[in-house]
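Asker: Attaching a single structure in structure tokens format; questions to follow.
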Number of protein chains: 2
Amino acid sequence: MNKRFRLLETPTIKQAYQIVHKGILGHRNIIIIGNCWVEYNGRASSKLEPGERIVIIKRDGSVLVHRPRDYAPINWQPPGSLFKTMIRNNSIYIRAYKTKENESLEIIFDKIYLVASLRLIDTGEFYLYASEKDMHDAIMIEPSLIEEGFNPLVMERPVESGFIDILGVDNKGRLTVIEVKRKIAGKEAVLQLEKYVKVLKKSTGKKVRGILVGPEISKGVQALLATLNLEFIPVSPKDCYEILGIGRNKKITEFSLDEI
Amino acid sequence: MNKRFRLLETPTIKQAYQIVHKGILGHRNIIIIGNCWVEYNGRASSKLEPGERIVIIKRDGSVLVHRPRDYAPINWQPPGSLFKTMIRNNSIYIRAYKTKENESLEIIFDKIYLVASLRLIDTGEFYLYASEKDMHDAIMIEPSLIEEGFNPLVMERPVESGFIDILGVDNKGRLTVIEVKRKIAGKEAVLQLEKYVKVLKKSTGKKVRGILVGPEISKGVQALLATLNLEFIPVSPKDCYEILGIGRNKKITEFSLDEI
DNA sequence: TAATAAATGTCGTTT
DNA sequence: AAACGACGTTTATTA
């Protein structure tokens, strides 16, 4: 009786309880579809009144309560939750809690349309391209993305209160700070850049260029950029993707090694 | 043949395709469990190699690809996606795309353990307590949370580049800006508060008090707070929750009738 | 539509 | 454990 997939359609509460209870003990993935209500207490408190929902309990102890709409779960519990289940009033009580964080989620089902307990096998790799880090790499490989004669020196240079994405020297020998954004750069990006420029000005005593790099800059902050004497140079993630080469697949799990 | 729940265990690709295709057309909620691989192109690009996953397609056009672990979906598409489905090489292709944002998610299943098409009915209300807004309300109702004699004047007061959470006058008649955080206040909170104080100082020409309110302040920024001549007063979400009263239920979402 | 701030943000990494 | 920044953040609100 250790099948990879156990599934019951419109089970009784008792039958469903068996599946859920054993599934949680066996660290399986569980899906429950039925009528339920939910209470959450922790960083905030919430109450969800009865309705038909999809609940997923994962083997790492994460819980998701999904309504028929919306990307985000209406209630959830992060990985590492502990569980307590019971039957009362012909309903299934599922409590997922974290003692240290003092957070608890209680889901009560009084009608179940489908319950499944699964041992899923998923070893597939996940690759993500054209992340902000990829953009850094692309600029290091092809500095002319910034401007002719730009000479990048170091990536991820630590300074007080943060990291300078790229630090380099321009074609006139001026120290240049580059702040990279993968999407439209807003006020925070400009302020971040200004902060690094300030720090470097102070520590070197010389003039320092600050360049914001990204696909676009939000209209509202162009004035701020000018006021602070900073520059914007448009570079899209796509440009970087192409420079890195279509064949270059960067495994997410290998980022750290790659970086060093 | 318009049952609220349609479900097939280990269907053929053709059978599963029928369920998925019709389900998407009928704006139903769809769950697919099986072996799949995924490609995403949009703000970034990603590739997920084959494995067994749970895919949820919701009636609002959101898509979630869940691995057996982790709270977050490994791939997804926000609500409002358009769909294209087809069979090729005895596999089901599901493309969820957004033309305007130029984002596309392609999921390919070659083996399906379970497919379900559901018309879920969920009209239950959702209530959330002790949000940051609740904290604002509590301070307006019980200003002594800040200090004796504090007199709050306006909430959400717009100023250039943002909103002052609460603007009031202290027991010595000084204009006072209050910035509320529901969790440990970090550097951003202090800088935000300072920005608003600065703006008000400039526009009034008078001295302005700035008070950061929240459950806690991060250790590192206490010095910054002092330097900027700002104050911190501890108030927890729980305090506010109690002032607002257990009976006070705040409606977050009212589901429209198109749910039915 | 763009911009801005909140979120039970989550998820890493570094101190 | 706390702090800090990035995220395909998402979501809501407002100009």
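No value in this document is a laboratory result; all are computed from the given coordinates. In this text, all values refer to a predicted model and were calculated from it rather than measured experimentally. Counting neighbours? That spans all protein chains shown, and the Cβs are built from the backbone with ideal geometry, glycine included.
Asker: Mean separation of Cα pairs under 8 Å and 6+ residues apart, divided by the residue count of region A:1-137: what relative contact order is that in percent?
Answerer: Taking the mean separation of contacting Cα pairs over the length of region A:1-137, I get 32 percent.
Asker: Dipole of region A:5-118, Cα-centred, from +1 at each Lys and Arg C-beta and -1 at each Asp and Glu C-beta, to the nearest 20 debye?
Answerer: 300
Asker: Then there's this: Relative contact order for chain B: what percent, with Cα pairs under 8 Å and sequence separation of 6 or more?
Answerer: 16
Asker: Follow-up question, since we're still on this one. Counting other C-beta atoms within 10 Å, which of A:ARG6, A:ARG53, B:ARG67 has the fewest, and how do the rest follow?
Answerer: With the fewest neighbours first, A:ARG6, A:ARG53, B:ARG67 line up as A:ARG6, B:ARG67, A:ARG53.
Asker: Treating only the Cβ atoms of Lys and Arg (+1) and Asp and Glu (-1) as charged, compute the dipole magnitude of chain A about its Cα centre; round to the nearest 20 debye.
Answerer: Its charge dipole is roughly 1040 debye.
Asker: Got the A:LYS238 label distances to the other copies yet, label 7 Å along Cα→Cβ, in nm, shortest first?
Answerer: Inter-copy label distances (nm, one decimal, shortest first): 5.2.
Asker: With +1 on each Lys and Arg Cβ and -1 on each Asp and Glu Cβ, how big is the dipole of the protein assembly as shown about its Cα centre, in debye rounded to the nearest 20?
Answerer: Approximately 800 debye in magnitude.
Asker: Here is a further query. Can you tell which of B:GLY124, B:ILE233, B:PHE163 lies farthest toward the positive end of the dipole of chain B, using +1 and -1 charges on the Cβ of basic and acidic side chains (Lys, Arg; Asp, Glu)?
Answerer: Checked the options; the winner is B:GLY124.
Asker: List, shortest first and in nm to one decimal, how far the label point of A:LYS206 (7 Å from Cα along Cα→Cβ) is from its counterparts in the other copies.
Answerer: 4.9
Asker: Taking beta carbons within 10 Å but only from partner chains, what does the mean come to for residues B:114-122?
Answerer: The shielding value for this peptide is 6.
Asker: With θ set to phi - 60°, apply the Karplus curve 6.51 cos²θ - 1.76 cosθ + 1.60 along region A:168-180 and write out the HN-Hα couplings as whole Hz, x wherever there is a Gly or Pro.
Answerer: Karplus values, whole Hz, x for Gly and Pro: x, 10, 7, 5, 10, x, 7, 4, 10, 9, 10, 10, 9.
Asker: Tell me which residues come under 5 Å, amide H to amide H, from A:ASP122 once H is placed; ignore anything under 5 positions away on its chain.
Answerer: Result for A:ASP122 returns B:GLU52.
Asker: Roughly what angle does helix B:13-25 make with the longest principal axis of chain B, taking Cα atoms, 0 to 90 degrees, to the nearest 10?
Answerer: 40
Asker: Another question, if that's okay. Among A:SER81, A:SER218, rank each residue by its count of other Cβ atoms within 10 Å, from fewest to most, as a rough exposure measure. Please report the intermediate quantities before stating the final value.
Answerer: Details: A:SER81 23, A:SER218 14.
Going from least to most buried by this count: A:SER218, A:SER81.
Asker: How high is the relative contact order of region A:160-239, given as a whole-number percent (alpha carbon pairs under 8 Å, six or more residues apart)?
Answerer: About 29 percent, as a whole number.
Asker: Shortest first and in nm with one decimal, please list how far the A:HIS27 label point sits from its counterparts in the other copies (point 7 Å along Cα→Cβ).
Answerer: 4.3
Asker: Most exposed first by the Cβ proxy, i.e. fewest other Cβ within 10 Å, how do B:ILE233, B:ILE107 rank?
Answerer: The most exposed by this proxy come first: B:ILE233, B:ILE107.
Asker: Please list, ordered by chain and number, the residues whose modelled amide H lies under 5 Å from the amide H of B:PHE232; skip anything fewer than 5 residues away on the same chain.
Answerer: Distant-sequence amide H within range of B:PHE232: B:LEU212.
Asker: Can I ask one more? Net charge within 11 Å of A:GLY162 by Cβ-Cβ distance, Lys/Arg positive one each and Asp/Glu negative one each, not counting A:GLY162 itself? Present the calculation step by step, with values, prior to reporting the outcome.
Answerer: Working: positive: A:ARG157, A:LYS195, B:LYS187; negative: A:GLU156, A:GLU160, A:ASP165, A:GLU179.
So the environment of A:GLY162 carries a net charge of -1.
Asker: Give me the orientation-averaged projected area of the Cα convex hull of the protein assembly as shown, in nm², one decimal.
Answerer: 28.4
Asker: Once you list every other residue whose beta carbon is under 9 Å from the beta carbon of B:TYR93, what net charge do they have if Lys and Arg are +1 and Asp and Glu are -1?
Answerer: +2
Asker: I need the phi-derived Karplus couplings for region A:79-89: 6.51 cos²θ - 1.76 cosθ + 1.60, θ = phi - 60°, integer Hz, Gly and Pro marked x.
Answerer: Going residue by residue, I get x, x, 6, 9, 10, 9, 10, 7, 9, 8, 6 Hz, with x marking Gly and Pro.
Asker: Follow-up. Considering only the other residues whose Cβ falls under 15 Å of the Cβ of A:ASN229, what net charge follows from Lys and Arg at +1 and Asp and Glu at -1?
Answerer: Combined, the nearby Lys, Arg, Asp and Glu give +3.
Asker: Something else now. Testing the spin-label approximation: label points 7 Å from Cα along Cα→Cβ at A:PHE163 and B:LYS207. State their distance in nm.
Answerer: Each label point is offset 7 Å from its Cα along the Cβ direction, giving 4.3 nm.
Asker: Find which of B:HIS21, B:VAL55, B:PRO78 sits farthest along the positive direction of the dipole of chain B, computed with +1 on the beta-carbon of Lys and Arg, -1 on that of Asp and Glu, about the Cα centre.
Answerer: B:HIS21
Asker: How far, in nm, would the chain grow between A:LYS238 and A:MET140 when pulled straight, counting 0.36 nm per residue and subtracting the alpha carbon separation? Write out the running numbers ahead of the final one.
Answerer: Working: separation 98, 0.36 × 98 = 35.28 nm, distance 1.56 nm.
Between A:LYS238 and A:MET140, full extension yields an extra 33.7 nm.
Asker: Going toward the positive end of the dipole of chain B, with +1 on Lys and Arg Cβ and -1 on Asp and Glu Cβ, which of B:ILE217, B:MET135, B:HIS66 do you reach last?
Answerer: Going by the charge dipole, the pick is B:HIS66.
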